[in-house]
């Protein structure tokens, strides 16, 4: 969008928050860059330059605005609606691959040379993978500086910097403030504040962080949190005190997250065994809750269908509930074939108890990480309480996930992953499409054979046969996965309601 100058100028002048994260405004006269909705007086159009990423602004020598904090904008929805090289690269960078494996590791996962990856990222985003990862490290560092009392050296390494000197130089360059000055800007505690507060941050359990996850409004939390809570696996997920809590398997360790819906943000309380996993944990939580979606674009498209328009107008901003672990969801999709939600949770809970890694949760009832494909591939198939054909489906899936012949992740090519899944025994269109929608993140995945979808279609006067409904749904593209959420919401199933 940053190439459409006239449209960008209008968005800045109207302070339209819908475009936060789509592009960034660099101001030539001040040397700073802002999000489109920055509350300060809009600069003159001739002084505006537009960039597609915060990294591109930083690479061009601009500093982040201290008022609107463009580094904390929701991510661009482009990376959630595409599966080309650039989109897959951006998802991997958000998942911390460049910090852990370098640019060669990023290129190897994508199946391209480092030169090809760098060239395509530069062409579309104005910055290469190192600059994009550096911008993400700076954002993580600021988050740790402002929300924790960690020593600056610990902040540096937790954010992914190789040295304290690089950390200091980057923070000064990006924010025009030293790390100590950033922390000093926080509100001072009142003399009447409890003694557990220092520098404006609450004293918390070591390794625990309180964060705010931004999103583009509107966001309807009912089906999003309702679905995740109603299908949650005991021991791995729970709804407690108005928050969705679950365990996370992360590159350096494990974590427990509590996610609370609020009108203008998602409250996020993370407890990590290794703070180096912070960036990855945030990225996966945002992905699970579909927080980088553009709900206005989605809803405007779906409203063009007169049968869907009343559903959208009644509760706009529905998101697609996704996952923090693609392999985990694929296993759970097989466990859920042709059984009730309760039965699928029971099957999954047995696997978790028998084969999951135990964790301690002093604050609730979480007990395990979901088992790895390697652990599930080693189990005795005869111990599985399921029909023989589904047992074969299960063992084939976990075997291929464990040996790497089937890869499901943020780097997946959606078409290739679908094709590989369809080759597995027991994988039909419903299973492949639900994995495409909730694990791979394809916004156009559709479930015309789903019983709930067919029932909703019949009630709304839409075609109810899969072929006819698919033909009608062509007008909903590329947002058919969101249409599924609106259609499911016509039912009284617990997945459509926030738990009480």
Rounded if a/c under 1.5, otherwise prolate or oblate - the chain, Cα gyration tensor axes: prolate
What whole-number distance in Å separates the alpha-carbon centres of the range 77-103 and the range 369-391? 31
Relative contact order for the range 12-79: what is it in percent, counting Cα pairs under 8 Å that are at least 6 residues apart? 39
Counting only C-alpha contacts under 8 Å and six or more residues apart, can you give the relative contact order of the chain as a whole percent? 13
Longest to shortest principal axis, alpha-carbon extents of the range 375-494, angstrom: 48, 32, 26
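Relative contact order of the range 228-385, please, whole-number percent, based on alpha carbon pairs below 8 angstrom and at least 6 residues apart.
24
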In degrees, nearest 10, the alpha-carbon axis of helix 388-403 is tilted away from the dominant principal axis of the alpha carbons of the chain by 30
Taking the highest mean first, how do the peptides 29-37, 80-88, 355-363 order by number of other beta carbon atoms within 10 angstrom per residue? 29-37, 80-88, 355-363
In degrees, nearest 10, the alpha-carbon axis of helix 85-94 is tilted away from the dominant principal axis of the alpha carbons of the chain by 70
Two-site label geometry, residue 378 and residue 497: point separation in nm, points 7 Å out along Cα→Cβ: 4.3
Decide, for the range 5-73, between rounded, prolate and oblate: order the square roots of the alpha carbon gyration tensor eigenvalues as a ≥ b ≥ c, take rounded if a/c falls under 1.5, and otherwise choose prolate if a/b is larger than b/c, else oblate. rounded
Taking alpha-carbon centroids only, the range 160-187 lies from the range 455-500 a number of Å equal to 48
Where the centre of each part is set by its Cα atoms, how far does the range 3-37 sit from the range 260-296, in angstrom? 25
Given the -39500 (n - 2.57) contribution per DSSP H run of 4+ residues, what per-residue ellipticity at 222 nm results for the chain, rounded to the nearest 500 deg cm²/dmol? -13000 deg cm²/dmol
So how tilted is helix 164-175 from the main axis of the chain? Cα-based, degrees 0 to 90, rounded to 10. 80
By the gyration tensor of its Cα atoms, with a ≥ b ≥ c the square roots of the eigenvalues, what is the shape of the range 202-292: rounded for a/c under 1.5, prolate for a/b over b/c, or oblate? prolate
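Every number here is computed from the coordinates shown, using simple stated rules; none is lab data. Keep in mind that this is a model prediction, so the values were computed, not measured. Every residue, glycine among them, receives a Cβ derived from its backbone with ideal geometry; neighbour counts consider all protein chains shown.
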